[in-house]
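The values are calculated or read from the model by the stated rules, or taken from the named source; none is laboratory data. Predicted model only: the values in this text are computed from it and were never measured. Ligands, DNA and RNA are excluded from the accessible area calculation, which covers all protein heavy atoms including side chains. Shrake-Rupley method; radii C 1.70, N 1.55, O 1.52, S 1.80 Å.
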Amino acid sequence: MSSETFQSLKNHFLIAMPRMADPSFAGTLTLVCEHSPGGALGIIVNRPTELTLGEIFNQVGIKEADECFLSPDAVYAGGPVAVERGFVLHSGKDHWESSLAIGQGLQLTTSRDILLAMARDEGPDDSLVALGYAGWGSGQLEKELTDNAWLTCTANQQIIFETPFQRRLDAAAESLGVDLRLLSDQVGHA
């Protein structure tokens, strides 16, 4: 794929089509955080795990005595790659040690300093903590799009941070005027 025809999907949602066969992505809404001709990286934003943020603080050794904010917030399964690695998707203009700007005040941070701030209840107003990420090699995501595995739309922070996780996939599809329940899970050509 030539760089002249490449169109980045950074700061877009990938909406899994009903026929998605890969169990790692079936029923998921994924935020594309980086996309270049070399590949793509995304975070699934609608698949909570049974882990809580407070448990993550304990696992990484954040013990701020009585100050520790033991959040009951769920930790999400961000994708099937590097599931032991943590990512914080968040709003705000704060710059942490290792952050990637995604778009209009939306960032992805991988450094421990943001977790320390969150443990002290001094972190970003809106955040989603995920373990693992979704990754695609060069041309892989483009092929999946050509195969109609995904719908895409511009990302919406309200869907990520304010919509209950069970509704995020449908809310993203509805932003395109699509009702996923009405789409067939069969594939074919007329």
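Table for the structure above
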item	result
Options Leu145, Leu141; residue that is open to solvent by 20 Å² or more (accessible area, probe 1.4 Å) and among the aliphatic types (A, V, I, L, M)	Leu145
Residue among Thr154, Thr163 that alone is open to solvent by less than 50 Å² (accessible area, probe 1.4 Å) and among the polar types (S, T, N, Q)	Thr163
Residue satisfying condition, being under 14 Å from the mean Cα position of the chain (by Cα) and open to solvent by less than 50 Å² (accessible area, probe 1.4 Å), within set Ala117, Ala130, Ala173	Ala130
Filtered residues of region 125-182 (kept if assigned to a strand (DSSP E or B) and small (Gly, Ala, Ser))	Ser127, Ala130, Gly132, Ala134, Gly135, Gly137
